[in-house]
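Below is one structure, written out as structure tokens; the observations come after it.
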Amino acid sequence: MKKLLILGGGTAGTMVANRLSRELDLMEWEITVVDSDPVHYYQPGFVFVPFGIYKKLDDVIKPRKSQFAPGVRFILSDIDRIEPDSNQVRLTENDLVLSYDYLIIATGTHMHPEETPGLMDGEWRKSIFDFYTPEGAFALQQKLRTWQGGHLVVNIAEMPIKCPVAPLEFTFLAEWFAHERGIRDKVDITLVTPLPGAFTKPRTSAFLSNLLEERRINVVPDFNIMEADAEKKVIRAYDEQEVPFDLLVTIPVNMGSEAIERSDMGDELNYVPTQKHTMRHKEFENIFVLGDATNLPTSKAGSVAHFQAEAFFENFLRYIDGLELIDSFDGHANCYIETGYGKGTLIDFNYDVEPLPGKFPLPGLGPFSLLEESHVDHWGKLMFRWIYWHLLLKGKEIPIPVQMTMAGKWA
Ligand SMILES: Cc1cc2nc3c(=O)[nH]c(=O)nc-3n(C[C@H](O)[C@H](O)[C@H](O)COP(=O)(O)OP(=O)(O)OC[C@H]3O[C@@H](n4cnc5c(N)ncnc54)[C@H](O)[C@@H]3O)c2cc1C
């Protein structure tokens, strides 16, 4: 049997395992996935939880094991370390050692609030919250149920973070929520970011800045947080600039898995050096890296994991047949952005082309609008949960091109 081992059974690991279980002959191949968490989270749903749009844990979770196709072996264990020179991985569960012929690293990224002094001192989950974890999102839901207003500060500690549009979505939804609750006049909202503007790409940043201004949301750019002073209720930057808050929603430092650090296979944030267009590990030719675990300069998003996985399938089948890999991943990302009031927008871009206005996926027809607010885009975002569980994770084909196309875009 040839052994394919997949580390991480999140978005990327699950879709790849399921797709390959159909592409490969399971009489010859053993596909194993390892993950330490028995639950699979629909992470894009976390942004709706604080506002009660998704109310219950059941709205965003399913058992992890049941997401895998028959024929995929799932092991519930923490991964201790990868030993790439001997093609093996050590697990913490029963000191198990798994050998592999081919390895896929899909261990994602997660938040580290302890990296910013003061965030977790005393006020954590009292007046300082996150929404990047289910615990954080539901604690914030409880807080907002009785919130009477004040200064809401949304702070991105450091880039890169997973889903770089999620803080913006949270901010827009918070403004809408205050309006709906009839407390908008008692609420000040400020987005505090290390970026020079609202987003990483200039045209999107300009579009979103206008929208933020329209909604009376302040932006403090170029703010590199040094600490949170929970007693004085301010966040402080390295240049000593301070922003006061009554309610702080933080997007803490994001880092790759500790297993990558223990394996000495990552950069300073535990992201794995990956070839930009093939997803192959930069050093080991039988290792591929997918999803948020890579060090690639594209968004850390489920849509990116999907396009990477599509590009990877073809290359993996070429590789095992002894053919050259092709440079098929172009950094394609496609993200809905909720903007509140039942509206949203969509951005579609890659390594080289920033998000442009237009219609998607059918040129001229849509139904989705790029860099323009629409109700249809909001419905697209809500529909995405069904697509995630029923098509994406199952490794089924979705009729959106893997490579970004200029058709339907206005340059
Ligand atoms: C609030 C929020 C909103 C988002 N919104 C969107 C959106 O609208 N659109 C979009 O495309 N994306 C969105 N995302 C991002 C998207 O969820 C991620 O980019 C995607 O899940 C990445 O997939 P992945 O497989 O790389 O990582 P994950 O799905 O996070 O999976 C990684 C897995 O590795 C496992 N793992 C890690 N280390 C170990 C270890 N040592 N031992 C065992 N197991 C381990 C983890 O348990 C986890 O299950 C959002 C994310 C958040 C947090």
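The values are calculated or read from the model by the stated rules, or taken from the named source; none is laboratory data. What you see is a predicted model, and the numbers here were worked out from it, not measured in a lab. Here Cβ is always computed from backbone atoms with ideal geometry, including for glycine, and neighbour counts include all displayed protein chains. Please note that ligands, DNA and RNA were not included when accessible areas were found on the heavy atoms of the full protein model with its side chains. Shrake-Rupley method; radii C 1.70, N 1.55, O 1.52, S 1.80 Å.
A few points about this structure:
- J(HN,Hα) series, the range 327-333, from Karplus relation 6.51 cos²θ - 1.76 cosθ + 1.60, nearest Hz, glycine and proline x: 7, 9, 9, 10, x, 4, 9
- Placing a label point 7 Å from the Cα of residue 180 along the Cα-to-Cβ line, the residues of the range 363-382 whose backbone N sits under 20 Å from it are 373-382.
- Heavy-atom accessible surface of residue 124, to the nearest 10 Å², is about 50 Å², with a 1.4 Å probe and all protein chains retained.
- Among the trypsin sites (Lys or Arg not before Pro) in the range 138-216, those placed in a DSSP loop whose Cβ has at most 14 other Cβ atoms within 10 Å are 216.
- Taking a ≥ b ≥ c as the square roots of the Cα gyration tensor eigenvalues, the range 102-254 comes out rounded, since a/c falls below 1.5.
- Antiparallel bridge percentage (DSSP; both residues within the chain; nearest 5): 50
- Here the label points at residue 77 and residue 376, each 7 Å from Cα along the C-beta direction, are separated by 5.0 nm in the simple model.
- Net +/- balance of residues flanking residue 408 in space, Cβ distance below 15 Å, scoring K and R +1, D and E -1: -1
- Amide H to amide H, with H built 1.01 Å from N, residue 223 comes under 5 Å of 193, 195, counting only residues 5 or more places away or on other chains.
- Whole-number percent relative contact order across the chain, with pairs defined as alpha carbons under 8 Å at least 6 apart: 17
- Sulfur and carbon atoms: percent of accessible area, the range 56-157 [1.4 Å]: 48
- Among the trypsin sites (Lys or Arg not before Pro) in the range 318-411, those placed in a DSSP loop whose Cβ has at most 14 other Cβ atoms within 10 Å are 396.
- When each of 162/381; 300/343; 186/233; 126/201; 65/162; 201/409 is checked by Cα-Cα distance, pairs over 28 Å: 126/201
- If you take the Cα centroid of the range 150-229 and the Cα centroid of the range 109-132, the two points sit 17 Å apart.
- A Cβ-based charge dipole, computed about the Cα centre of the range 344-391 with Lys and Arg at +1 and Asp and Glu at -1, lands at about 280 debye.
- A simple rule links phi to the HN-Hα coupling: the Karplus curve 6.51 cos²θ - 1.76 cosθ + 1.60 with θ = phi - 60°, which for the range 390-402 gives 9, 10, 4, 5, 6, x, 7, 6, 10, x, 10, x, 5 Hz, with x for Gly and Pro.
- Across the range 87-179, the mean sequence separation of Cα contacts (distance under 8 Å, 6 or more residues apart), normalised by length, yields a relative contact order of 13 percent.
- Candidate membrane-span-like segments in the chain, meaning DSSP H helices with Cα atoms spread over at least 20 Å of their own axis and a Kyte-Doolittle mean of 1.6 or above, do not occur, with no membrane implied either way.
- Under 15 Å, Cβ to Cβ, from residue 311 - net charge with Lys/Arg +1 and Asp/Glu -1: -3
- Largest GNM mean-square fluctuation across 84, 401, 38, computed for the chain with C-alpha springs under 10 Å, falls on 401.
- Between amide H atoms placed 1.01 Å from N, distances below 5 Å from residue 187 occur with 150, all of them 5 or more places distant or on a separate chain.
- Cα centre as origin, Lys/Arg/Asp/Glu Cβ charges: the range 178-284 dipole, Debye: 620
- Farthest towards the positive end of the charge dipole of the range 86-193, among the residues 133, 94, 110, is the Cα of 133, using unit charges on the Cβ of Lys, Arg, Asp and Glu.
- Under 5 Å between amide hydrogens, built in the peptide plane, is the criterion, and for residue 358 it picks out 370, 410 among residues at least 5 positions away or on other chains.
- The range 287-317 versus the range 358-396: alpha-carbon centroid distance in Å: 20
- The range 174-261: GluC sites (Glu not before Pro) in DSSP coil with no more than 15 other Cβ atoms inside 10 Å: 231, 240
- Across the range 144-267, C-alpha contacts under 8 Å between residues 6 or more apart give a mean separation that, scaled by the residue count, equals a relative contact order of 34 percent.
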